[in-house]
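Asker: Before we start, here is the structure in question, set down as structure tokens.
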Amino acid sequence: MKLSTIIITYNEAQNIERCIRSVQKVSDEVVILDSFSTDRTPDICRSLGVRFEQRVYRNQIDQKNHVLALAAHDHVLSLDGDEALSEELADSILHEKENGFPNHAYLLNRLSFYCGKWIRHGDWYPDWKLRLWNKHRANWGGVNPHDKVFPEKGINPQKLNGDLFHFTFATYSEHENQVKKYAEISAASYLSRRRKFALFRMILSPIACLVKSYLFKGGFLDGQHGWQIIKLAMMEKYLKYKRLRQLQKEDTNRRAF
């Protein structure tokens, strides 16, 4: 049984070699779909012997489904450029591969390295992601920019031992900038899907996030890092709905004229 590893990249020079090397022992091919990086990402990828393609980025889900279609083999492992397999996880994948991938889909537990600290509580850990599957039995979906793999009805993904390392933000400001960007994209996605603004969602969703992730799931156990994470998670939810209200007003005004 053969396995294709598929990765999308944009300016991942600081991470991509680690990512590629971590999957080499489980992969029969590694396919990179790059969004015309301006750093050394293309040179690094080509030097490591992967299949390297480039395509204009439209959105996260579209890009990931496109690289999925490029995979030569039925079974695929999907990573982002800032992720890498732990040795234990690589061994777990290799074991399933040697047994012919008896399941149609597998869940990997993502462990994030954030501002110099591994985050082990809240919504960030455990963080099970469906990242290994038969490409004919699942596809990427969700609401941009938050993508998710959706398997066919009746498929029960199996959890694998080991961690999928995720090397996230080096600084708080990097995280804050992404939150603002994602809030803008989410609001535009909601508008295109004709989702209506609701004041109670803008007020209650950040509060629900605080209670669930920070209190019930123990985000506070990650100390100052945990507080930073929950503050920005709440900010993203608030800004998303605030921006949706602005976009809907602008859309209504355009229609009036």
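The values are calculated or read from the model by the stated rules, or taken from the named source; none is laboratory data. Bear in mind that the values here come from a model prediction, so they are computed numbers and not experimental data. Note that each Cβ is placed from the backbone with ideal geometry, even for glycine, and that neighbours are counted across all protein chains shown. Remember, those area values only see protein heavy atoms, side chains included, never the ligands or the DNA or RNA. Shrake-Rupley method; radii C 1.70, N 1.55, O 1.52, S 1.80 Å.
Asker: Across region 1-31, what is the number of residues that are open to solvent by less than 70 Å² (accessible area, probe 1.4 Å), of a type outside the set (Gly, Ala, Ser), under 20 Å from residue 60 (Cβ atoms) and touching a residue at least 40 places away in the same chain (Cβ under 8 Å)?
Answerer: 10
Asker: Same structure, new question: If you check every pair at least six apart or on different chains, which have Cβ atoms under 7 Å apart with a residue in region 40-55 that is surrounded by fewer than 18 Cβ atoms within 10 Å (Cβ to Cβ) first and a residue that is part of a helix (DSSP H, G or I) and not β-branched (Val, Ile, Thr) second?
Answerer: 48/17; 53/70; 55/66
Asker: Within region 237-257, how many residues are in a helix (DSSP H, G or I), of a type outside the set (A, V, I, L, M) and more than 17 Å from residue 198 (Cβ to Cβ)?
Answerer: 4
Asker: Are any residues in region 109-120 open to solvent by less than 60 Å² (accessible area, probe 1.4 Å) and touching an Asp or Glu at 6+ places or on another chain (Cβ under 8 Å), and if so, which ones?
Answerer: Matches in region 109-120: 109, 110, 111, 112, 119.
Asker: So which of 207, 230 is farther than 24 Å from residue 79 by Cα, touching a Ser or Thr at 6+ places or on another chain (Cβ under 9 Å) and at pLDDT 95 or above? It would help to see each step written out before you state the result.
Answerer: Values: 207 fails: touching a Ser or Thr at 6+ places or on another chain (Cβ under 9 Å).
Among 207, 230, only 230 is farther than 24 Å from residue 79 by Cα, touching a Ser or Thr at 6+ places or on another chain (Cβ under 9 Å) and at pLDDT 95 or above.
Asker: Among the residues that make up region 64-82, is at least one of them under 29 Å from residue 224 (Cα atoms) and part of a strand (DSSP E or B)? Outline the logic, then answer.
Answerer: Of the residues in region 64-82, the ones under 29 Å from residue 224 (Cα atoms) are 79-82.
Next cut, part of a strand (DSSP E or B) only: 79-80.
Within region 64-82 (the criterion being under 29 Å from residue 224 (Cα atoms) and part of a strand (DSSP E or B)), the answer is yes, since at least one residue qualifies.
Asker: Let me ask something additional. From 125, 106, 114, which residue is under 27 Å from residue 240 (Cβ atoms), free of Cβ contacts under 8 Å to residues at least 60 places away in the same chain and not hydrophobic (A, V, I, L, M, F, W, C)?
Answerer: Matching residue, one of 125, 106, 114: 125.
Asker: Taking region 108-140, which residues are under 13 Å from the mean Cα position of the chain (by Cα), more than 18 Å from residue 28 (Cα to Cα) and of a type outside the set (Phe, Trp, Tyr)? Before the answer, list the steps.
Answerer: Pass one, region 108-140, residues under 13 Å from the mean Cα position of the chain (by Cα): 108-112, 124, 127-131, 140.
When the remaining residues are screened for being more than 18 Å from residue 28 (Cα to Cα), the result is 108-112, 124, 127-130, 140.
Within region 108-140, 108, 109, 110, 111, 112, 127, 129, 130 meet the criteria.
Here is a yes/no grid of residues against (1) under 21 Å from the mean Cα position of the chain (by Cα); (2) of a type in the set (Lys, Arg); (3) farther than 28 Å from residue 62 by Cα:
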| residue | (1), (2), (3) |
| --- | --- |
| 184 | yes, no, no |
| 187 | yes, no, no |
| 211 | no, no, yes |
| 223 | no, no, yes |
| 231 | yes, yes, yes |
| 237 | yes, yes, no |
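Asker: Then there's this: May I ask you to list the residues in region 83-108 that are of a type outside the set (Gly, Ala, Ser), open to solvent by 10 Å² or more (accessible area, probe 1.4 Å), closer than 25 Å to residue 12 by Cβ and in contact with a strand residue (DSSP E or B) (Cβ under 6 Å, 6 or more places away or on another chain)?
Answerer: Once the filter is applied, which keeps residues that are of a type outside the set (Gly, Ala, Ser), open to solvent by 10 Å² or more (accessible area, probe 1.4 Å), closer than 25 Å to residue 12 by Cβ and in contact with a strand residue (DSSP E or B) (Cβ under 6 Å, 6 or more places away or on another chain), region 83-108 yields 88, 107.
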